[in-house]
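To keep things clear, I will list the structure first and then write my remarks on it.
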Amino acid sequence: MLVVEAAVSGLAAVEAAATARGGAVAEPAAGDDATAAILRARLADKRVEVVGERTETRTVWANPDGTLTEDQAAGPVRFRADDGDWTPVDIGLAKLADGRVGPKAHPLGLTLAGPTPERRDIAATRRLRAAEAVPAAAPLVSLTTEKGQRVELGWRGGGGARRREGAPNHQRSGRTPPDPA
């Protein structure tokens with residue numbers, strides 16, 4: 001705490017010199033370490049982020065009074081992009097180049113339903129002793145980790161790509177609706 005107190009004391013001299021010259025205090029920039037951020041916060045009389053303390057879920061702020069405030073999120077609010085820069089998580093949906101739908105920026109490569117090749121679940125066909133092959137679950141949502149591990153949530157049955165726009169729901173899937181008995 002002695003270093004911070006000394007830095008803040010020295011800051012008063014910097015502020016006095018800037019005022020004597022008729023200069024204005026610049027807009028605060030983020031500081032890599034707490035001491036630099038506290039100095040910037042004091043000069044600008046605004047809180048300044050301590051960039052060196054930033055994580056996927058944590059933001060630390062230097063306050064003008066010399067204290068630090070930590071904001072902690074329950075899940076990631078940012079992640080390191082391929083270039084090493086922090087990128088905010090943006091779950092706004094956009095169509096991807098391969099036809100799938102996914103968030104604009106997500107750390108785990110989240111994707112939502114898109115074109116899916118017709119797949120058959122051979123094990124289910126045998127287990128159910130079905131006369132025709134049982135369709136495999138079409139992935140609706142998938143997550144891929146940095147290590148390439150993949151988790152999918154699927155739906156067994158027809159995929160959305162075969163829908164006919166404007167047709168009633170039972171015609172979109174190509175199935176006959178059940179009799180309302």
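No lab work stands behind these numbers, since they all come straight from the coordinates. The model shown is predicted, which means the values in this text are computed figures rather than measured ones. No Cβ is skipped: glycine too gets one built from the backbone with ideal geometry, and neighbour counts run over all protein chains shown.
Some points to look at:
- Using a Förster distance of 25 Å, the FRET efficiency for THR57-VAL141 (Cβ separation, nearest 0.05): 0.70
- Computed lengthening from LEU112 to GLU132, 0.36 nm per intervening residue step minus Cα-Cα distance: 4.4 nm
- Under Karplus coefficients 6.51, -1.76 and 1.60, residue-wise ³J(HN,Hα) of the stretch 87-104 in Hz, glycine/proline x: 10, x, 5, 10, 8, x, 8, 8, 6, 8, 4, 8, x, 6, 10, x, x, 5
- For the stretch 44-60, putting each phi into the Karplus relation 6.51 cos²θ - 1.76 cosθ + 1.60 with θ = phi - 60° gives couplings of 8, 6, 9, 6, 10, 6, 8, 4, x, 9, 5, 9, 4, 10, 10, 10, 10 Hz, in residue order, rounded to whole numbers and with x for Gly and Pro.
- Charge sum, other residues only, whose C-beta stays under 12 Å from PRO103's C-beta, Lys/Arg counted +1 and Asp/Glu -1: +2
- Each peptide among 68-74, 38-44 gets the average number of other Cβ atoms lying within 10 Å of its residues, and from highest to lowest they stand as 38-44, 68-74.
- Label-reachable residues, the stretch 63-93, where backbone N falls under 18 Å from a point 7 Å from ALA105's Cα toward its Cβ: 73-93
- Computing FRET efficiency as 1/(1 + (r/R0)^6) for ALA94 and THR125, where r is the C-beta to C-beta distance and R0 is 30 Å, gives about 0.25.
- Sorted on the mean count of surrounding Cβ atoms within 10 Å across their residues, most packed first, peptides 53-65, 82-94 read 53-65, 82-94.
- The Cβ shell under 13 Å around LEU112 holds other residues with a net charge of +1, Lys and Arg each +1, Asp and Glu each -1.
- In terms of the mean number of neighbouring beta-carbon atoms within 10 Å, the peptides 143-152, 99-108 order highest first as 99-108, 143-152.
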